[in-house]
Amino acid sequence: MKICVAMTMSKKAYLAKVLLTVAVMLLAACSKTAQLPLLSSDAVVLAFGDSLTAGTGAAEAESYPAVLSVLTGLRVINAGVPGEVSSSGLRRLPELLDLEHPTLLILCHGGNDLLGHADHQLIADNLRNMIRLAMERRIPVLLIAVPSPGLSLKPPPLYEDLAKEFKIPIEAKALSHILSKGTLKSDYIHPNAAGYRMLAEALVDLLKKSGALPP
């Protein structure tokens, strides 16, 4: 009798383990957010881009990389260069990756190309090569979509296409929302301090959804 009870309990434990495993697999399958490795407390995040990364329109401590560092407790390097186009960024990135050895690359580029009405295929190719440079060094990438100038303020499809191609997480809505609100921007194309904070908060949410930060 005792043997039967033990066997019954063992089967129940096994069944519970199986059900838990299936539930985890189903949740992962249902998640639309591409996953990132969990960042350790000593992780280094490289925020790479143009003036949107540099924090033009706000104080240095109010840029999104600075705020992101405060919100996460991680070291976030601000590698934004105002006015830079994606072809210049592509030339600049390899040295930075080799110098800083980041744990994660946050890529926000292409805005100046869009302002200059550059060919979207050229922008996509430059961003694609930046992502490849990081991945060749086993550095995960998080992509920020930049909206096209104009009334709609929607990012061109190239950002979503790249995110799908490389299976990387993308923040595709925050900048469009921020730049559509006068109270969140310092000028036509740059957020103010409140806007950069909102972007940083959106990135924290995405990092949690992608598994890079604890929920």
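Listed options for Kirkwood radius over Cα pairs in Å are (i) 20.6; (ii) 18.5; (iii) 19.4. The value calculated from this structure is the one marked (ii).
Computed from Cα atoms, the angle from the helix 120-136 axis to the main principal axis of the chain rounds to 50 degrees. If you wrap the Cα atoms of the stretch 167-215 in a convex hull and average its projected area over all directions, you get 3.7 nm².
For the chain, the tally of Lys pairs with Cα-Cα distances below 23 Å comes to 24, considering only residues 8 or more apart or on different chains. Restriction of the trypsin sites (Lys or Arg not before Pro) in the stretch 131-215 to DSSP coil positions whose beta-carbon has at most 10 other beta-carbons within 10 angstrom yields Arg138, Lys167. Relative to the dominant Cα principal axis of the chain, helix 2-30 is inclined by about 20°. Helix 86-100 axis versus longest C-alpha principal axis of the chain: approximately 50°, rounded to the nearest ten.
The trypsin sites (Lys or Arg not before Pro) found in the stretch 34-131 include none that occupy coil by DSSP while having at most 14 further C-beta atoms within 10 Å.
In terms of the mean number of neighbouring beta-carbon atoms within 10 Å, the peptides 152-162, 76-86 order highest first as 76-86, 152-162. Taking Cα centre as origin and charging only the Cβ of basic (Lys, Arg, +1) and acidic (Asp, Glu, -1) residues, the dipole magnitude of the stretch 44-209 rounds to 420 debye.
Just so you know, all these numbers are worked out from the coordinates, no wet-lab data involved. Remember, predicted model here, so these are calculated numbers, not experimental data. Note that each Cβ is placed from the backbone with ideal geometry, even for glycine, and that neighbours are counted across all protein chains shown.
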